[in-house]
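The values are calculated or read from the model by the stated rules, or taken from the named source; none is laboratory data. All of these numbers come straight from a predicted model, not from anything done at the bench. Positions of Cβ are generated from backbone atoms using ideal geometry, with glycine treated the same way; all protein chains shown enter the neighbour counts. We work out accessible area using only protein heavy atoms, side chains counted, and drop any ligands, DNA or RNA first. Shrake-Rupley method; radii C 1.70, N 1.55, O 1.52, S 1.80 Å.
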Amino acid sequence: MRIATWNVNSLKARLERVEEWLEYAQPDVLCLQETKMADKNFPAMAFSALGYESVHHGYNQWNGVAILSKVGIEDPQNGFGDGVENPYADDARMLSATCGRIRIVSVYVPNGREVPSEFYDRKLVWFERLAEWLDANHIPSDPVVITGDFNVAPDDRDVWSPKAFVGSTHVTEPERAAVRRLEDWGLVDLFRARYNGDGLYSYWDYRRGDFHQGRGMRIDLVLGSQPVAERSTWAIVDRNARKGKQPSDHAPVVVDLTD
DNA sequence: ATGGTAGAGGGTCTA
């Protein structure tokens, strides 16, 4: 089973590239972030023509998440559920569904903008809600994958220049602690579990030629519970998808599991 | 010195 995540930075602008990539990479499940569209504009037919069922959660031109699957989509749920106070209640940043007997969660964690800021504070609260959702809905022996754009570089290997980022969002200790809390619960960073090196990024700013200069960050993660991690055989960032005409600023992250 | 690019929409806002 192949699971992938990709922040596409507008599905409208990226649809052709996503279609091409699906045919090339053949993931069983693809989680999308930053679709930047309302549900009524989601191109479900284009994906169904390629053999994918899909669900989307989006209100407007901001954020928006989706799950595409060739192995079924059961019990889709938007957000954290009823009765949970969401610090980004007006945004669509989390969508979960069961695909091929794994509970898949597509997340687009708030960016946080500046440190300090009200947005940064609410990013940390959003992370708390995610950890609470996980604990309330699952036990570590469940097959669960939380994947998407976490807007956190888990450690200094995950940024091109730790010095350039001191004090900035994505690298602060509270943000990293929020990711560690998920790992302490029992989730494994499936890409990092296979590769120790630095320079293995999933996002590069559009500006200053950052991609071609190798100035990136690894902020797109695939976190799997132990039953999933035990099945993990391979992981990669498809950097080719960041090249060429009108790329997203993120590349897809792909993991393979034994069936 | 707060630059630069891309995508939303049709102002600037978000990243």
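Some notes on this structure:
- Counting only residues that are assigned to a loop (DSSP other than H, G, I, E, B) and either of a type in the set (D, E, K, R) or open to solvent by 60 Å² or more (accessible area, probe 1.4 Å) (or both), region A:125-139 holds 1 of them.
- Matching strands (runs of 3 or more DSSP E) fully within region A:162-259 where at least 1 residues are more than 21 Å from A:Q33 (Cβ to Cβ), without any contact (Cβ under 8 Å) to a residue 60 or more places away in the chain and not acidic (D, E): A:232-237
- Subset of region A:103-116 that is of a type outside the set (F, W, Y) and within 10 Å of DNA strand B (Cβ to nearest atom) - its residue that is nearest to A:A66 (Cα to Cα): A:V109
- The residues of region A:1-25 that are within 15 Å of DNA strand B (Cβ to nearest atom), touching a residue at least 12 places away in the same chain (Cβ under 8 Å) and of a type in the set (D, E, K, R), listed by number, are A:K12, A:R14, A:R17.
- If the condition is being away from DNA strand B (no atom under 14 Å from the Cβ) and either in a loop (DSSP other than H, G, I, E, B) or basic (K, R) (or both), then region A:59-88 contributes A:K70, A:V71, A:G72, A:I73, A:G79, A:F80, A:G81, A:D82, A:G83, A:V84, A:E85, A:N86.
- Qualifying positions in region A:58-74 - under 19 Å from A:A13 (Cβ atoms) and crowded, with 18+ Cβ neighbours inside 10 Å: A:G58, A:N63, A:G64, A:V65, A:A66, A:L68
- Test: A:L15 is part of a loop (DSSP other than H, G, I, E, B) and among the hydrophobic types (A, V, I, L, M, F, W, C): no
- Only listed residue being within 16 Å of DNA strand B (Cβ to nearest atom), among the small types (G, A, S) and surrounded by fewer than 22 Cβ atoms within 10 Å (Cβ to Cβ), chosen from A:G197, A:G216, A:G244: A:G244
- Residue match in region A:117-124 (condition: in a loop (DSSP other than H, G, I, E, B) and modelled with pLDDT of 95 or more): yes
- Annotation: A:A251 fulfils all but one of (1) closer than 29 Å to A:E132 by Cβ; (2) open to solvent by less than 10 Å² (accessible area, probe 1.4 Å); (3) away from DNA strand B (no atom under 14 Å from the Cβ); (4) among the aliphatic types (A, V, I, L, M); the unmet one is (1).
- Within region A:155-175, the set of residues being under 17 Å from A:V253 (Cβ atoms), surrounded by 20 or more Cβ atoms within 10 Å (Cβ to Cβ) and touching a helix residue (DSSP H, G or I) at 6+ places or on another chain (Cβ under 8 Å) comprises A:V159 only.
- Candidates are the residues of region A:180-221 that are closer than 20 Å to A:Y108 by Cβ and acidic (D, E); the one that is nearest to the chain's Cα centre (by Cα) is A:D220.
- Among residues of region A:81-93 that are at positive phi, none has a beta-carbon under 9 Å from a residue that is within 10 Å of DNA strand B (Cβ to nearest atom) and open to solvent by 40 Å² or more (accessible area, probe 1.4 Å) at least six positions away or on a different chain.
- Contact map, region A:145-161: first residue in contact (Cβ under 8 Å) with a residue 40 or more places away in the chain and of a type in the set (K, R), second residue open to solvent by less than 10 Å² (accessible area, probe 1.4 Å) and not in a strand (DSSP E or B), Cβ cut-off under 9 Å, separation 6 or more or different chains; pairs are A:R157/A:R218.
- Tabulated pairs, region A:26-47, first open to solvent by less than 40 Å² (accessible area, probe 1.4 Å) and within 13 Å of DNA strand B (Cβ to nearest atom), second of a type in the set (D, E) and at pLDDT 95 or above, C-beta under 7 angstrom, 6+ apart or interchain: A:Q33/A:D149
- Only a single item in (1) in contact with a Leu (Cβ under 8 Å, 6 or more places away or on another chain); (2) under 21 Å from A:W204 (Cβ atoms); (3) open to solvent by 30 Å² or more (accessible area, probe 1.4 Å) is not met by A:N78, and it is number (2).
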